[in-house]
Amino acid sequence: MTAGGANSGPGGAPATPLGGILGLSVAAALVPLNSTMIAVALPAISDDFSVSTARVSVLVTLYLVVMLVGQPVAGRLADAIGSRRAVQGALLGLAAFSVLAAVATSFAVLLAGRTLQAVCATALGPGTQSLLRAAAPSREQGRVFGIFGSTMGAGAALGPVVGGLLVALFGWRGIFVVNVPIALLAALAVAATNVSLERGPSRTGIRSHSHGRIANRVFVAGFASQALTTQAQYALLLLTPIVLDARGWEPGPIGLVLAALTIGMIVTGPIGGRLGDAVGRRAPSAIGVAVAAAATVALALAGRSVDPVVLALALAVFGLGLGAA
């Protein structure tokens, strides 16, 4: 990675362009968007292809399994061919296989399109983070990854909202079609910001010449924190619609309640990142996780009979904590 000072902007201005950060963040946000957007479309897909609810839920499970298994492999591929090339290829592939899923005439074809869509998506997380890390000097990495984290959180939380709107307007096929323009625009953004985003030893990708050990306390603590808070976030995003749907709520109001979590993350993500740049990463992370944990404890104590106002407030507090962390 390039030394911090080498990437400094004139007069201490941010060296990493906001447009480049947002372009890569949107590319990566397609992963959580697609993991949660499909949840509201499952009943329509089940009816259209006359398959059981249990069988159609494979569309959610398989996507997550492919992401779990495929991301380490995709990360190594990005090291081999270059992160920029891996990200652009993944975006084009995701767009193509989203079209396949959208025009599927059988559940088997839809399942194949969804699986291949997930295979392409595995490269987006490792590739975009590699590019951002190479682009940002050490003094700006909190700012950069704060924006990145907010965008990723927004992608996951907005999934059910966007999915509900698309299903209502265009049917379940709309949740796949919407990926095409987003992926293509993200690919163009990555290409347009190539020079400023890749200052490393190779213009075709980031290749590390050191093989640092990742089995250390810092990596394990950071990885475990991110994994567990993400699990909690997805549990809230998937369970909240179930709870409110059982009370007869429509998709629109359910989406508004879920938006509370998104707003919290958007607000504190950049703030937590800048605070980390200023005082170190440990305090913002620890405080943020503690706040998010407190919100989940409150929801657990409230149970299924939780008041909608309390639910929305708890989701907002959770988002505030997770954004900072």
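The values are calculated or read from the model by the stated rules, or taken from the named source; none is laboratory data. Just so you know, these numbers come straight off a predicted model, no measurement behind them. As a convention, Cβ positions derive from the backbone with ideal geometry for all residues, glycine included, and neighbour counts pool all protein chains shown. Protein only, heavy atoms only, side chains kept; ligands, DNA and RNA dropped before computing areas. Shrake-Rupley method; radii C 1.70, N 1.55, O 1.52, S 1.80 Å.
For the reader, a short list of remarks on this structure follows.
- Residue count for region 163-177 under the criterion of being of a type in the set (A, V, I, L, M, F, W, C), in contact with a helix residue (DSSP H, G or I) (Cβ under 6 Å, 6 or more places away or on another chain) and open to solvent by 30 Å² or more (accessible area, probe 1.4 Å): the result is 2.
- Scanning region 246-258 for residues that are surrounded by 14 or more Cβ atoms within 10 Å (Cβ to Cβ) and either part of a helix (DSSP H, G or I) or polar (S, T, N, Q) (or both) yields Pro251, Ile254, Gly255, Val257, Leu258.
- Taking every residue in region 220-248 that is over 18 Å from Arg282 (Cβ atoms) and in contact (Cβ under 8 Å) with a residue 40 or more places away in the chain and pairing it with any residue that is part of a helix (DSSP H, G or I) and polar (S, T, N, Q), at least 6 positions away or on another chain, the pairs with Cβ-Cβ distances below 7 Å are Ala232/Thr296; Leu237/Thr36.
- If you go through region 50-71 and keep only what is open to solvent by 60 Å² or more (accessible area, probe 1.4 Å) and under 30 Å from Phe223 (Cβ atoms), you end up with Thr61, Leu64, Val65, Leu68, Val69, Gln71.
- Matching option when the condition is assigned to a loop (DSSP other than H, G, I, E, B), in contact with a helix residue (DSSP H, G or I) (Cβ under 6 Å, 6 or more places away or on another chain) and not charged (D, E, K, R), among Val87, Val51: Val51
- Matching residues, region 294-325, being in contact (Cβ under 8 Å) with a residue 60 or more places away in the chain and within 26 Å of Val144 (Cα to Cα): Leu315, Phe318, Gly319, Leu322, Gly323, Ala325
- Total residues in region 201-245, condition surrounded by fewer than 16 Cβ atoms within 10 Å (Cβ to Cβ), more than 22 Å from the chain's Cα centre (by Cα), at pLDDT 80 or above and part of a helix (DSSP H, G or I): 2
- Complete set of residues in region 112-152 that are open to solvent by 10 Å² or more (accessible area, probe 1.4 Å) and charged (D, E, K, R): Arg133, Arg139, Arg143
- Any hit, region 265-273, residues being crowded, with 17+ Cβ neighbours inside 10 Å and within 18 Å of Val162 (Cα to Cα): yes
- Some residue of region 135-155 being basic (Lys, Arg) and outside any helix (DSSP H, G or I): no
- If only residues of region 89-111 that are over 17 Å from Ala41 (Cα atoms) and among the small types (Gly, Ala, Ser) are counted, the one that is surrounded by the most Cβ atoms within 10 Å (Cβ to Cβ) is Ala90.
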